[in-house]
Amino acid sequence: MPISVDEVAERVRGFVRETVLPEEQACDGVLHHGPEELRRRLQRAARDAGVFAPHVAPEWGGAGLDLRGQAVVFEAAGYSLLGPLALNIAAPDEGNMHLLAKVADDRQQRRYLGPLAAGDVRSCFAMTEPAPGAGSDPRALATTARRVPGGWRIDGRKWFVSGADGAAFALCMARTGGAPGDPGGATMFLVDAGNPGMKIVRTIPTLDEGLFGGHSEIAFDGCEVGDDAVLGEVGRGFDHAQVRLGPARLTHCMRWLGIARRAQDIALDRAANRSAFGRPLAELGMVQQLIADSEIDIEASRALVWRACGDLDEGRPGAQRTSIAKTFVAEAVHRVVDRAVQICGALGVSADAPLSRLYREVRPFRIYDGPSETHRWAIARRAVKARAAVR
C-alpha cells in the first residue's frame with residue numbers, strides 16, 4: 001500500500017527534528033558557502049529515512065506528490081533552514097526539476113533532470129539582470145542570444161542567480177527576438193557550468209544567508225551553446241517561465257511556512273516558561289494577542305496555499321490565486337517571526353535563539369519571486385478585468 005501524505009510528513013518531522021536541526025545548529029544556518037559534504041550527508045540521511053525528493057515522479061526516484069501533497073510535506077521540511085536542502089526540495093533546484101519535467105525533451109531530461117532529481121548535481125536559474133534589465137518586469141530582458149554556426153551565442157549579465165556557486169548547469173533566459181520591453185522574444189537555454197563563456201563574477205552579500213550556493217552575479221560573454229541547448233521552443237521562453245513560476249511561488253510559501261511554525265513554537269515555549277509581573281507571559285493579554293494573531297496568520301496562509309494548489313493540480317488557471325497566496329504568505333510569515341522576536345525580548349534578538357537568523361531569512365521573501373507591490377498591481381488588474389467581463 002502506498003504511503004500517505006500524512007505519513008510522509010510525519011517521517012519528515014521526525015527526520016528534521018532528529019537529524020537536520022542539529023546540523024543547522026552546528027553551522028548556524030549559514031549556507032551561502034556551505035560545504036558540499038554537508039549537502040551530500042544530509043541527502044544520504046534523507047534517502048535512508050525514506051523522505052528524499054518526494055515531489056518528483058517515481059521514474060526519477062520520487063513519490064510524485066501533487067502540489068497539495070507537497071504543501072504538507074514541504075512545510076514540515078521548512079521547519080529547519082536545512083530541511084529543504086536535505087530532501088532536495090530547495091530552491092532553485094525544486095523549481096528547475098518541475099520545469100525540466102514539463103518542458104525538456106527526453107535527452108535533456110536524462111542529462112539534466114535525472115542527476116538533479118538524484119541530488120548528484122545542483123542547478124541555477126539565470127533570469128534576473130542588473131538595472132535596467134529584467135527584474136520585476138521580465139519584459140525588460142536585455143541578455144541576447146544570436147544565431148551562430150551550429151547554435152547560439154549568449155551575451156549579457158545576470159545577477160541574483162540563486163545557487164549558482166557550485167551549480168552544474170544554468171537555465172538562462174535570453175532574448176532571441178525583439179527588444180527590451182517587448183512582451184515576447186525570449187528563449188531558455190541550458191548552459192553547462194564548464195562553458196568558458198559563462199563566468200561567476202561574484203557572490204553577492206545579502207541579508208539572508210541560508211541558501212546553499214548563495215546569490216551570484218554571472219557574466220555571459222560570447223557563451224556559445226548548440227541547438228540542443230534550447231529548452232522548449234525558440235521564442236517561448238516567457239511562456240515556459242510561467243510553467244515554473246506559478247508552482248515555485250507556492251513551494252516558496254510552503255517552505256517558509258515551516259519557518260513561521262518554528263518561530264511560533266519558540267514563542268509559545270518562551271511564553272509558557274518565562275514569567276513577568278508574577279505571571280507567565282502566556283497569561284498576559286497583550287502576549288496572548290500576539291500569539292493568536294500568529295496562529296491566524298499561519299492558518300490563513302495554509303488555506304490560501306492549499307486553494308491555489310488545488311487550482312494548479314486540477315488544471316485551472318492559477319495566476320490570481322498564486323499571486324494572492326504569495327503576497328499574503330510572504331507578509332504573514334514576516335509578521336509571525338517578528339511577533340516571536342517581540343515575545344522573546346532580548347533572547348529573540350540574541351544569537352542564543354535562532355529567531356534573529358530566521359528574521360533575516362524571511363525578510364527577502366517579500367521581494368523574491370515578485371515583490372508584494374508587483375503582485376498587488378497584477379491582482380488588482382485581474383480583479384478589474386474579471387468584474388468588467390460580467391457587467
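Among the residues of the stretch 105-122, is any open to solvent by less than 10 Å² (accessible area, probe 1.4 Å) and within 23 Å of Asp208 (Cα to Cα)?
No, that holds for no residue.
Hey, can you tell me all the residues within the stretch 54-102 that are of a type in the set (Gly, Ala, Ser) and either under 14 Å from the mean Cα position of the chain (by Cα) or surrounded by 24 or more Cβ atoms within 10 Å (Cβ to Cβ) (or both)? Talk me through it step by step, then tell me what you get.
At the first step, the residues of the stretch 54-102 found to be of a type in the set (Gly, Ala, Ser) are 57, 61-64, 69, 71, 76-78, 80, 83, 86, 90-91, 95, 101.
The answer is Ala71, Ala76, Ala77, Gly78, Ser80, Gly83, Ala86, Ala90, Ala91, Gly95.
Under 9 Å by Cβ, and 6 or more places apart or on different chains, what pairs join a residue from the stretch 165-184 that is over 30 Å from Gly119 (Cα atoms) with one that is polar (S, T, N, Q) and part of a loop (DSSP other than H, G, I, E, B)?
Arg175/Thr143
I'm told Phe189 meets every condition in (1) open to solvent by 70 Å² or more (accessible area, probe 1.4 Å); (2) under 21 Å from the mean Cα position of the chain (by Cα); (3) not acidic (Asp, Glu) except one. Can you identify the failing condition by its number?
(1)
Say whether the condition of being of a type in the set (A, V, I, L, M), within 20 Å of the chain's Cα centre (by Cα) and either closer than 30 Å to Arg387 by Cβ or surrounded by 20 or more Cβ atoms within 10 Å (Cβ to Cβ) (or both) is met by at least one residue in the stretch 269-291.
Step one: filter the stretch 269-291 for residues of a type in the set (A, V, I, L, M), giving 271-272, 276, 281-282, 284, 286-287, 290-291.
Filter once more, keeping what is within 20 Å of the chain's Cα centre (by Cα): none.
Scanning the stretch 269-291 turns up no residue that is of a type in the set (A, V, I, L, M), within 20 Å of the chain's Cα centre (by Cα) and either closer than 30 Å to Arg387 by Cβ or surrounded by 20 or more Cβ atoms within 10 Å (Cβ to Cβ) (or both).
I'm checking my understanding of the structure. Among residues of the stretch 59-89 that are of a type in the set (Asp, Glu) and part of a helix (DSSP H, G or I), which one is farthest from Ala46 (Cα to Cα)? Let's see the steps before the verdict.
Looking only at the stretch 59-89, we keep the residues that are of a type in the set (Asp, Glu), and these are 59, 66, 75.
Those still in the list that are part of a helix (DSSP H, G or I) too: 59, 75.
Details: Glu59: 18, Glu75: 16 Å.
Only one residue fits best here, namely Glu59.
Scan the stretch 293-318 and report the pairs whose first residue is in contact (Cβ under 8 Å) with a residue 12 or more places away in the chain and more than 26 Å from Ile343 (Cα to Cα) and whose second residue is open to solvent by less than 10 Å² (accessible area, probe 1.4 Å) and β-branched (Val, Ile, Thr), with Cβ atoms within less than 6 Å and a gap of 6+ or a chain change.
What qualifies is Ala308/Thr322.
Which ones in the stretch 135-177 are among the aromatic types (Phe, Trp, Tyr) and over 22 Å from Pro371 (Cα atoms)?
Result: Trp152, Phe169.
Tell me which residues, restricted to the stretch 241-267, are surrounded by fewer than 24 Cβ atoms within 10 Å (Cβ to Cβ), closer than 30 Å to Leu231 by Cβ and among the polar types (S, T, N, Q).
Within the stretch 241-267, just Gln242 meets the criteria.
Which of the residues spanning the stretch 159-186 are among the polar types (S, T, N, Q) and more than 17 Å from the chain's Cα centre (by Cα)?
Applying the first criterion (among the polar types (S, T, N, Q)) to the stretch 159-186 yields 162, 176.
The answer is Thr176, and nothing else.
Give the stretch 28-37 a look and list any residue that's without any contact (Cβ under 8 Å) to a residue 40 or more places away in the chain and either part of a helix (DSSP H, G or I) or among the aliphatic types (A, V, I, L, M) (or both), or say none.
Across the stretch 28-37, the qualifying residue is only Glu37.
May I ask you to verify whether Thr128 is under 25 Å from Ala101 (Cα atoms), in a loop (DSSP other than H, G, I, E, B) and of a type in the set (Ser, Thr, Tyr)?
So Thr128 passes the test.
Can you name the residue in the stretch 339-351 that is surrounded by fewer than 19 Cβ atoms within 10 Å (Cβ to Cβ) and at pLDDT 95 or above and is also nearest to Leu257 (Cα to Cα) among such residues?
At the first step, the residues of the stretch 339-351 found to be surrounded by fewer than 19 Cβ atoms within 10 Å (Cβ to Cβ) are 342, 345-347, 349-351.
So of that shortlist, the ones also at pLDDT 95 or above come out as 342, 345-347, 349-350.
Details: Gln342: 19, Gly345: 22, Ala346: 24, Leu347: 22, Val349: 20, Ser350: 22 Å.
Ranking the qualifying residues of the stretch 339-351, first place goes to Gln342.
Failed condition for Gly50, given (1) within 28 Å of Ala353 (Cα to Cα); (2) of a type in the set (Gly, Ala, Ser); (3) open to solvent by 10 Å² or more (accessible area, probe 1.4 Å); (4) free of Cβ contacts under 8 Å to residues at least 60 places away in the same chain, with all others met?
Single failed check for Gly50: (1).
Can you pull out every residue in the stretch 152-171 that is crowded, with 21+ Cβ neighbours inside 10 Å, under 12 Å from Met127 (Cα atoms) and either among the basic types (Lys, Arg) or in contact with a Leu (Cβ under 8 Å, 6 or more places away or on another chain) (or both)?
Hits for the stretch 152-171 are Lys158, Ser162, Ala170, Leu171.
The values are calculated or read from the model by the stated rules, or taken from the named source; none is laboratory data. The model shown is predicted, which means the values in this text are computed figures rather than measured ones. For neighbour counting, all protein chains shown are included, and Cβ atoms are generated from backbone atoms with ideal geometry for every residue, glycine included. All accessible areas refer to the heavy atoms of the entire protein, side chains included, with ligands and DNA or RNA removed. Shrake-Rupley method; radii C 1.70, N 1.55, O 1.52, S 1.80 Å.
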